[in-house]
Amino acid sequence: MAATATKTATKVRPLHDRVIVERLEEGEQKVGGIIIPDTAKEKPQQGEVLAVGPGRILDSGERIKMDVADGDRVLFAKYAGTEFKLEEEELLILSEKDILAVMENGK
């Protein structure tokens, strides 16, 4: 059964092999003593999984179980997914194949 986002009052249930991720903000970046403004910063490529779909269905009808779960901290491809706003939260929905790694122990 699919999970729902717990950080928002509105329920969101991703379909198939989709995952909803909240980007983790990185600390203020400094390069050689120069502070980089927010508009010039790259978006973080890691986040926390908020909700997971039930998994992909093969042509045979068999469902493939997801490798990620709610609460996992993940690294994902730079231009992966689609951003959307839900109750003032900026979230990202992406396919499981765009997730590159699960960070062990949340670090």
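Overview of values
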| quantity | calculated |
| --- | --- |
| For peptides 95-104, 45-54, sequence by mean Cβ density within 10 Å, most packed first | 45-54, 95-104 |
| Ranking by accessible area, most exposed first, for D67, D59 with a 1.4 Å probe | D59, D67 |
| Anisotropy class of region 41-101 from Cα gyration tensor, a/c 1.5 cut | prolate |
| Table column - 3J(HN,Hα) (Hz), region 67-80, Karplus curve with 6.51, -1.76, 1.60, x for Gly and Pro | 8, 10, 9, 3, x, 5, 9, 10, 9, 9, 4, 3, 10, 7 |
| Amide hydrogen neighbours beyond the local backbone of G81, cut-off 5 Å, H modeled | S95 |
| Estimated distance in nm for a label pair at K97 and I64, the labels positioned 7 Å out from Cα along Cα-to-Cβ | 0.8 |
| J(HN,Hα) series, region 84-90, from Karplus relation 6.51 cos²θ - 1.76 cosθ + 1.60, nearest Hz, glycine and proline x | 8, 10, 9, 6, 6, 9, 8 |
| Distant-in-sequence amide H partners of D72 (H built 1.01 Å from N, under 5 Å) | V49 |
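The values are calculated or read from the model by the stated rules, or taken from the named source; none is laboratory data. Computed from a prediction, not measured in an experiment: that's the story for all the values here. Methodologically, a virtual Cβ is constructed for each residue, glycine included, from the backbone with ideal geometry; neighbour enumeration extends over all protein chains shown. Ligands, DNA and RNA are excluded from the accessible area calculation, which covers all protein heavy atoms including side chains. Shrake-Rupley method; radii C 1.70, N 1.55, O 1.52, S 1.80 Å.
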